[in-house]
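> My questions will all concern the structure given below.
The values are calculated or read from the model by the stated rules, or taken from the named source; none is laboratory data. All figures in this text were calculated on a predicted structure; none of them were measured in a lab. A quick note on method: Cβ atoms are made from the backbone with ideal geometry, for glycine too, and the neighbour counts reach across all protein chains shown. The area values use the complete protein model at the heavy-atom level, side chains included, leaving out ligands, DNA and RNA. Shrake-Rupley method; radii C 1.70, N 1.55, O 1.52, S 1.80 Å.
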Amino acid sequence: MPSDPIAKALAKFPVSQREALAETRARIAAALPGAHEEIAWGMPAFLIGDDNVLCYSGFSDHNSLFPGSHVQEVLVKDLAGFPTTKGTIHFDMDSAFPEALLQKILKVRIAEINASYPKRGGQVREYYDNGHPKVLGKMKDEKPDGAWEWFHKDGTHMRTGAYRSGKKTGEWTTFAADGSVTKVSTYK
């Protein structure tokens, strides 16, 4: 049995269905290099940070993506040829999900995730379309507070620093795309 839990979950399907799901997985992974995979709700899933972008799985007569109902509302015309149930898009069990439409779905999901921040506890996250973080931080009383990080589109640090009640404090470091430090500033 495969040690990869995703491959193990896909191994139970007939060969042609497993290949279609594996190709769908590869397409998602290529579009979201900043995501990680795990089993969520008993299915293979792609997550960015703690946020589930989508799950996917196979069934007896189809395969499905589970991106949530918001995607269906936004892409209603694009999904006209696909059977859907609430939050689920069915596709042929012997073919990978179409790449161009998959790209649209992922962009809508990431925009939806970005719009869900800041969270009740003040957590702030924003992601690039490729799943890498753009900014991570926290708000307190509607002001930035605590450690903040900004990233280049490839996921490497662009800047780090901290706020106290909305004002920069301590050491702030700016990084080039290669990871080298380009500037250090200190705030009191």
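> I'd like the accessible area for Trp148: 1.4 Å probe, protein heavy atoms, all chains in place, Å² to the nearest 10.
20
> So what J values fall out for the range 60-66 if you push phi through Karplus, 6.51 cos²θ - 1.76 cosθ + 1.60 with θ = phi - 60°, rounded to Hz, Gly and Pro as x?
Ordered by residue, 3J(HN,Hα) equals 5, 9, 6, 10, 9, 9, 10 Hz.
> As I understand it, the dipole of the chain uses +1 on the Cβ of Lys and Arg and -1 on the Cβ of Asp and Glu, about the Cα centre. Which of His157, Ala45, His132 lies farthest toward its positive end?
His157
> Rg and Dmax of the chain, using alpha carbons, in Å: what are they?
Radius of gyration, then largest Cα-Cα span, for the chain: 19.6, 63 Å.
> Let me ask something else. Whole number please: convex hull volume per residue, Cα atoms of the range 1-89, in Å³.
Spelled out: Cα convex hull of the range 1-89, divided by residues, is 111 Å³.
> By the gyration tensor of its Cα atoms, with a ≥ b ≥ c the square roots of the eigenvalues, what is the shape of the range 121-188: rounded for a/c under 1.5, prolate for a/b over b/c, or oblate?
oblate
> Let me ask you something else. Show me, for the range 147-157, the HN-Hα J-couplings you get by feeding each phi into the Karplus relation (A = 6.51, B = -1.76, C = 1.60, θ = phi - 60°), rounded to Hz, glycine and proline as x.
For the range 147-157, the Karplus curve yields 6, 10, 9, 10, 10, 6, 4, 8, x, 7, 4 Hz.
> Would you mind calculating the relative contact order of the chain from Cα pairs under 8 angstrom and at least 6 residues apart, reporting the percent as a whole number?
Contact order relative to length: 13 percent.
> Here's another thing I want to ask about it. Note down the nm distance, to one decimal, between modelled labels 7 Å out along Cα→Cβ at Trp41 and at Thr186.
Between Trp41 and Thr186, the label points sit 5.1 nm apart.
> Moving on. Normalized C-alpha radius of gyration of the range 83-153, against 2.2 N^0.38 Å?
Normalised by 2.2 N^0.38 Å, the Cα Rg of the range 83-153 equals 1.48.
> Still on this model: What aspartates and glutamates sit close enough to Lys153 to cross-link, taking a C-alpha to C-alpha distance under 15 Å and skipping anything fewer than 8 places away on the same chain?
Lys153 reaches Glu126, Asp129, Asp178.
> Once both axes come from the Cα atoms, what is the angle between helix 99-115 and the longest principal axis of the chain, in degrees from 0 to 90, rounded to 10?
Computed tilt is about 40 degrees.
> When the dipole is taken about the Cα centre of the range 117-169, and only Lys, Arg (+1) and Asp, Glu (-1) are charged at their Cβ, what size is it in debye, to the nearest 20?
The dipole of the range 117-169 has a size of about 240 debye.
> While we're on this one: Just to verify a number: FRET efficiency for Lys168 and Arg120, C-beta to C-beta distance, R0 = 22 Å, to 0.05?
0.30
> A further question follows. Using only Cα atoms and rounding to the nearest 10 degrees, what angle (0 to 90) does helix 15-31 make with the longest principal axis of the chain?
Long axis of 15-31 versus the principal axis of the chain: about 20 degrees.
> Rounded to whole Hz and in sequence order, give me ³J(HN,Hα) for the range 163-176 from the Karplus expression 6.51 cos²θ - 1.76 cosθ + 1.60, θ = phi - 60°, writing x for Gly and Pro.
Ordered by residue, 3J(HN,Hα) equals 10, 10, 6, x, 10, 4, 9, x, 8, 10, 10, 10, 10, 6 Hz.
> Could I ask something else about it? Mind grabbing the accessible area of Ser165 for me, 1.4 Å probe, Å², rounded to tens?
Roughly 70 Å² of Ser165 is accessible to a 1.4 Å probe.
> Another question, if that's okay. Run the dipole for the chain about the Cα centre, Lys and Arg Cβ at +1, Asp and Glu Cβ at -1, nothing else charged, and hand back the magnitude in debye, nearest 20.
Result for the chain is approximately 920 debye, rounded to the nearest 20.
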